[in-house]
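The values are calculated or read from the model by the stated rules, or taken from the named source; none is laboratory data. This one's a predicted model, so the numbers in the text were calculated from it and none came from an experiment. Every residue, glycine as well, gets a Cβ built from its backbone with ideal geometry; the counts of neighbours run over all protein chains shown.
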Amino acid sequence: MAATPVEPAERERLQAGFDATIARADRIEPRDWMPDDYRRTLVRQIAQHAHSEIIGMQPEGNWIGRAPSLRRKAILLAKVQDEAGHGLYLYSACETLGVSRAELTEMLLSGRQKYSSIFNYPTLSYADVGTIGWLVDGAAICNQVPLCRTSYGPYGRAMIRICKEESFHQRQGYELLMTMMRGTDGQRAMVQESVDRFWWPSLMMFGPPDAESPNSARSMAWGVKRNSNDELRQKFVDMTVPQAEALGVTLPDPALRWNAERAHYDFGEPDWEEFAQVLRGNGPCNAQRMAHRRAAHEDGAWVREAATAFAARTAENAKEGVR
Ligand code: BYC
């Protein structure tokens, strides 16, 4: 994963080239020289992002077999499949940095790499499918649209496609909730209860407050991140409040109000102790999510073995000119 050692003068020249590319807001590509810490930061962030997409299939997957109609089931199946695709683009982007898919999987399974806190919360009702689309994919869009301009080429290009699909996901979630809000009192109550549970964890998706974000300053200087955690959280709140009003739900924050002076909504502080606990593995579903992922990985061993054997046979045949 580390770059080949270079003489100090050569290193200075390479560093200057890298700095100039970043200063021009141009892209660093896989074969370009890059500082080891830049490479490590990218592997950390892209891998965490990929793992989130894969683990993120679980909470929604929980409702595929219980969707209320064939149409809703087809939509949910397609969405969960999209998340698998996002995970795969991101693992591929990460592999361009010299780390293998097997190593990344091992780092997730051993707990050395994280995945998004949001997926450690349960999906207790069908309304949660809509709320995840609206709030979780909505937060993902706020966070990820600026990442289309990230300084590392393969990551930025993967994000463009992912963001298009996430926008579609957000709309399907909103449409689902809107349909339920036009339904019975019981359905409206189910939507409100779901929003009450997911609002604060959605705000936590943006990471700790800027003053407690150890990676932000350097990631922003390198153009890996284009906005700070708090800036994106604010953008999400500003975008979501009018959508909640149109939907007819109440966001569970008594401090939420328009601040004309700032031209932004003021809002309350998420429970950062709860966030810290979820990151330490003590959220409501951490153990369940990891156990499920581990079992799926073990169950898939035969597929990996068969694919490896097939690739070896194909390469052998090609060498011998056999079709
Ligand atoms: N959950 O210094 P900070 C999706 C960690 S997928 C867990 O601010 P950074 C979707 C952070 O990693 C959503 N951990 O970090 C999928 C760091 O620990 P390490 C995933 C978090 O990297 C399916 C420490 O806390 N999106 O939307 O500058 C269905 C200090 O934080 C979280 C991405 O991954 C968290 N919420 O900023 C539907 C987007 N927040 O690594 C939807 C790409 C922070 O030093 N990632 N941590 O051990 C990013 O934009 C940034 O990595 C973050 C954090 C804003 C998340």
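At least 1 residues that are touching a His at 6+ places or on another chain (Cβ under 8 Å), closer than 18 Å to V237 by Cβ and modelled with pLDDT under 95 in each: list the helices (runs of 4 or more DSSP H) lying fully within region 248-323 that qualify.
Filter on region 248-323 gives an empty set.
Answer yes or no as to whether P208 is in contact (Cβ under 8 Å) with a residue 12 or more places away in the chain, touching an Asp or Glu at 6+ places or on another chain (Cβ under 6 Å) and of a type outside the set (F, W, Y).
Here the answer is no, as P208 does not meet what is asked.
Looking only at region 129-145, decide whether some residue is over 25 Å from V249 (Cβ atoms), within 10 Å of the ligand (Cβ to nearest atom) and of a type in the set (A, V, I, L, M, F, W, C).
Scanning region 129-145 turns up no residue that is over 25 Å from V249 (Cβ atoms), within 10 Å of the ligand (Cβ to nearest atom) and of a type in the set (A, V, I, L, M, F, W, C).
Of the residues that sit in region 86-102 and are under 13 Å from A50 (Cα atoms) and crowded, with 16+ Cβ neighbours inside 10 Å, which one is farthest from the ligand (Cβ to nearest atom)?
If we take residues in region 86-102 being under 13 Å from A50 (Cα atoms) and crowded, with 16+ Cβ neighbours inside 10 Å, then E95 is farthest from the ligand (Cβ to nearest atom).
Would you point out the residue of region 47-56, among those that are near the ligand (Cβ under 7 Å from one of its atoms) and part of a helix (DSSP H, G or I), that is surrounded by the fewest Cβ atoms within 10 Å (Cβ to Cβ)?
Q48
Only residues in region 183-195 that are in a helix (DSSP H, G or I) count as the first member; pair them with residues that are charged (D, E, K, R), Cβ under 6 angstrom, at least 6 apart or cross-chain, and list the lot.
Here the result reads S194/D128, each pair linking region 183-195 to a residue that is charged (D, E, K, R).
Look through S110, S116, S69 and report the one residue that is within 12 Å of the ligand (Cβ to nearest atom) and of a type outside the set (F, W, Y).
That would be S116, the only listed residue that is within 12 Å of the ligand (Cβ to nearest atom) and of a type outside the set (F, W, Y).
Please count how many residues of region 105-156 are of a type outside the set (S, T, Y), in contact (Cβ under 8 Å) with a residue 60 or more places away in the chain and over 18 Å from R72 (Cβ atoms).
The total comes to 22.
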